[in-house]
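The values are calculated or read from the model by the stated rules, or taken from the named source; none is laboratory data. Remember, it's a predicted structure, so these values are computed and weren't measured experimentally. Please note: Cβ atoms are built from the backbone with ideal geometry, for glycine as well, and neighbour counts cover all protein chains shown. All accessible areas refer to the heavy atoms of the entire protein, side chains included, with ligands and DNA or RNA removed. Shrake-Rupley method; radii C 1.70, N 1.55, O 1.52, S 1.80 Å.
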Amino acid sequence: MKKLFEIDKLHRRRLSTREAALKDARAAQTQFETVLLEQQRAEVQAREHGLQVKRDVDAVLFASAVKRPEIGRAQHQLIAAKEAVVAAREAVVAAEIDVAAATLRTQEAVRAWRMQAAQVEKFDIIVQLKREERNVELLYREELELEDIPRRRT
């Protein structure tokens, strides 16, 4: 019976460990989802900035005669805006990959926790049956002893 209790403690410790791992996985997933949202916002801002630069360049080109240095500066701004959009998009893709990996880790942690919970539940039933058997045996012995007391007296 003592071994059963030790095994039960072991299963319960494993369950609590898996619960902690699940909690950590969920926290990491939430963190990665937050980073993804921030990266998506940054991408939208980079695109809006790039569009604004393009509009400004178009406005300058159509408004008046433009000198060569101004055209070079405008082209440089457009290239920088395009690079910012590409970098923002790459950051979003990386964040999406991180979120997908975190989601998989969370699913694995949930599966492991459920398996351990089922094992604890099964073993709990075994322990309960053993306790009941032991209690029945103790009651039977007590009854035998109580029956033996009058016999011994006579």
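Observations
- Region 43-57 - residue that is under 30 Å from the mean Cα position of the chain (by Cα) and surrounded by fewer than 17 Cβ atoms within 10 Å (Cβ to Cβ) and, of those, farthest from Ala94 (Cα to Cα): Gln45
- Condition met for Ala28 (open to solvent by 70 Å² or more (accessible area, probe 1.4 Å) and among the small types (Gly, Ala, Ser)): no
- Residues considered: Leu37, Leu4. Of these, the only one that is part of a helix (DSSP H, G or I), open to solvent by 80 Å² or more (accessible area, probe 1.4 Å) and hydrophobic (A, V, I, L, M, F, W, C) is Leu37.
- Within region 14-36, none of the residues are more than 17 Å from the chain's Cα centre (by Cα) and free of Cβ contacts under 8 Å to residues at least 40 places away in the same chain.
- Unique residue being of a type in the set (A, V, I, L, M) and over 25 Å from Asp24 (Cβ atoms) when the list is Leu36, Leu104, Leu139: Leu139
- Every residue from region 60-90 that is over 22 Å from Val44 (Cα atoms) and in a helix (DSSP H, G or I): Val60, Leu61, Phe62, Ala63, Arg68, Pro69, Glu70, Ile71, Gly72, Arg73
- Scanning region 65-76 for residues that are open to solvent by less than 90 Å² (accessible area, probe 1.4 Å) and not acidic (Asp, Glu) turns up Val66, Ile71, Gly72, Ala74.
Results for (1) closer than 27 Å to Glu43 by Cα; (2) open to solvent by less than 50 Å² (accessible area, probe 1.4 Å), shown as yes or no for each residue.
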{"position": "Val92", "(1), (2)": "yes, yes"}
{"position": "Ala95", "(1), (2)": "yes, yes"}
{"position": "Thr103", "(1), (2)": "yes, yes"}
{"position": "Gln107", "(1), (2)": "no, no"}
{"position": "Trp113", "(1), (2)": "no, no"}
{"position": "Val127", "(1), (2)": "no, yes"}
{"position": "Arg141", "(1), (2)": "no, no"}
{"position": "Ile149", "(1), (2)": "no, no"}
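- Residues of region 37-57 that turn out to be among the β-branched types (Val, Ile, Thr) and modelled with pLDDT under 90, as a count: 2
- Selection from region 86-130 of residues that are in contact with a Leu (Cβ under 9 Å, 6 or more places away or on another chain) and among the basic types (Lys, Arg): Lys130
- Between Ile97, Ile125, the distinction of being more than 23 Å from the chain's Cα centre (by Cα) and of a type outside the set (Lys, Arg) belongs to Ile125 only.
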